[in-house]
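Where a number appears in this text, it was derived from the coordinates with a stated rule and is not lab data. Everything numeric in this text was worked out from a predicted model, so none of it was measured. Reconstructed Cβ throughout: ideal geometry from the backbone, glycine too, with neighbour counts over all protein chains shown.
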Amino acid sequence: MKKVTVPELCDMKRRGEKIVMVTAYDSATANIIDEAGVDIVLVGDSLGNVIQGLPNTLPVTMDEMIYHTKIVSKGIEHAHLCGDMPFMSYQASKEDAIRNAGRFIKEGGAESIKLETNENYLDTIYAIQKAGIPVMGHIGLCPQSIHITGGYKIQGREIQEAKRLLELAKSTEEAGAFSIVLESIPKELAKKITESINIPTIGIGAGPFCDGQVLVINDLVGLSPDPIPRFVKRYVNLREIMTKAVRDFVDEVREGVFPDVDHSYN
Ligand code: KIV
């Protein structure tokens, strides 16, 4: 099956076709997502929250990200695979950033990397893409900056901040990023940014006017516990379905109903 490439993703914006991105952390789930026709699979550092049970993404390491990217790559034939640079994998120096981005490609099997972007990392984006690695920017709510912003807050509501984010999106494109995630910003600001740049925007909590949308897989299928953010839509409640299945198993084992003759060897 043909792989989704970076030029194709940029063409999708030109053609007005929506880009769909979903996170994955293991091969089996990635395979389901890929077969469902998703364009980009992101191995997000949301790994920390949804898989590792952590309160935030800050402790996630490069080695953990590489391990999960590697196993996700085994489940994918069609979708583009993007690896998320974890906290402190690119902040200290451009050299660190290039080397760690390279690990996603060489060891993880990814085809691009994403990094949470502010004005300090434009040179880093330029340097990584010059090294031959496509970069997805990420602006608005950046979970790796929660200790600066004071938590998971909607960004860009104030005029000055909205202007800053618009300029940052333009500079991120100029630095060579091939797309930008817009997280938790007002929908009119996301529209303005989307119309002002030539590379695709991929929204999460940024309304309907972005070129594409991303959701965390555990949120999308209802595996994440309540409360969930307002922008999440659960397409199924797997938590309920799995709880019932496991409870039924518990009951049947305790009552001696399972295993029956149909599930036993002679
Ligand atoms: O880590 C992640 O899953 C992300 C997406 C929510 C965009 O950054």
One quarter of the convex hull surface, Cα atoms only: what value does that give for region 172-251 in nm²? 6.4 nm²
For the chain, what is the calculated [θ] at 222 nm in deg cm²/dmol (nearest 500), taking -39500 (n - 2.57) for each run of four or more DSSP H residues and dividing by its residue count? -12000 deg cm²/dmol
Hydrodynamic radius by Kirkwood, which averages 1/r over all alpha carbon pairs of the chain, in angstrom: 19.3 Å
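Arranged by the count of other C-beta atoms within 10 angstrom, fewest first, what order do THR61, THR23 take? Numbers along the way, then the final one.
Values: THR61 15, THR23 28.
Least to most surrounded, the residues fall as THR61, THR23.
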So, relative contact order of the chain in percent, Cα under 8 Å, 6 or more apart, is 15 percent
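Where the only charges are on Cβ atoms (+1 Lys, Arg; -1 Asp, Glu), what is the dipole of region 6-235 about its Cα centre, to the nearest 20 debye?
Using only the charged Cβ atoms, the result is roughly 420 debye.
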Just how many pairs of Lys in region 97-253 have C-alpha atoms closer than 19 Å, counting pairs that are eight or more places apart or on different chains? 15
Note down the relative contact order for region 193-242 as a percent, whole number, built from C-alpha pairs under 8 angstrom at least six residues apart. 27 percent
Work the Kirkwood hydrodynamic radius out for region 109-256: mean of 1/r over every pair of different alpha-carbon atoms, inverted, in Å. 17.1 Å
